[in-house]
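Undergrad: Once you've had a glance at the structure underneath, I'll fire off some questions.
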Amino acid sequence: MEFGKVSGSKNNWGISSVGRALAWHARGQRFEPAILHKPILGLAFFMPNYVYIIYSKTLDSYYTGETANLEDRLFRHRNSGSKSTKKAKDWELKFLEKFDSRVLARIKETEIKNKKSRKYIESILNI
């Protein structure tokens, strides 16, 4: 039995990395796991993330969230693209804080949501 072949099948390589690499080479393609599996140190890790609080007059309610794309997220809130905010279309941005990483933004969002307090949110907003 040849290395990398599954017994009983012709030109069928195993599902291991070696098998995939051999199959790629057989098709004339180059397979370099060192390049393919290298973490991307670009936009994904250094994009700014935002924690925001929006308010609806119709519902007299606040919503706290976190996002990397603020414009798209606000658009979805106002146009029934979000399950928790689709009951109203008059959401206004009341608070915005920028963070260097998603982890830090999530920590802040969780801190606000864990308070479960309208008074706490209004103290952040200085109301």
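Undergrad: At a 10 Å Cβ-Cβ cut-off, how would you order Val103, Val51, fewest neighbours first?
TA: Val103, Val51
Undergrad: Okay, next question. On alpha-carbon atoms, Rg over Rh for the stretch 46-124 using Kirkwood Rh?
TA: Radius of gyration over Kirkwood radius for the stretch 46-124 works out to 0.95.
Every number here is computed from the coordinates shown, using simple stated rules; none is lab data. This is a predicted model, so every value here is computed, not measured. Here the Cβ is made from the backbone with ideal geometry for all residues, glycine too, and neighbour counts use every protein chain on show.
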